[in-house]
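Note sheet for the following structure.
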Amino acid sequence: MSDLIPTPDFPGIRIGKEGPYGPAYADYACRCGQSASTTDGSSAEALVQDYTDNHGPAHRNEGRK
């Protein structure tokens, strides 16, 4: 699974869950150099929102009106 971990060279976001009762996890890496990760289920949603608002999709939309 290590080939699915985002890196600045291969940016993106990864979201998952360790089994049916385990906490959710998330991590991301962006071309801008920022990265974050969490293994706390309650923080995973916040991390996804941060990525969406400030990195991946936000960077693709820069300069568009």
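For region 1-25, the tally of residues that are of a type outside the set (D, E, K, R), surrounded by 14 or more Cβ atoms within 10 Å (Cβ to Cβ) and within 18 Å of Ala58 (Cα to Cα) stands at 4. Taken over region 47-56, residues that are farther than 12 Å from Ile15 by Cα and in contact with a strand residue (DSSP E or B) (Cβ under 9 Å, 6 or more places away or on another chain) amount to 4. For Ser37, the stated conditions hold: it is open to solvent by 30 Å² or more (accessible area, probe 1.4 Å), assigned to a strand (DSSP E or B) and either at pLDDT 90 or above or not small (Gly, Ala, Ser) (or both).
The values are calculated or read from the model by the stated rules, or taken from the named source; none is laboratory data. These numbers come from a predicted model, not from an experiment. All Cβ positions, even for glycine, are placed from backbone atoms using ideal geometry, and neighbour counts span all protein chains on display. Side chains are part of the model used for accessible areas, which takes the heavy atoms of the whole protein and leaves out ligands, DNA and RNA. Shrake-Rupley method; radii C 1.70, N 1.55, O 1.52, S 1.80 Å.
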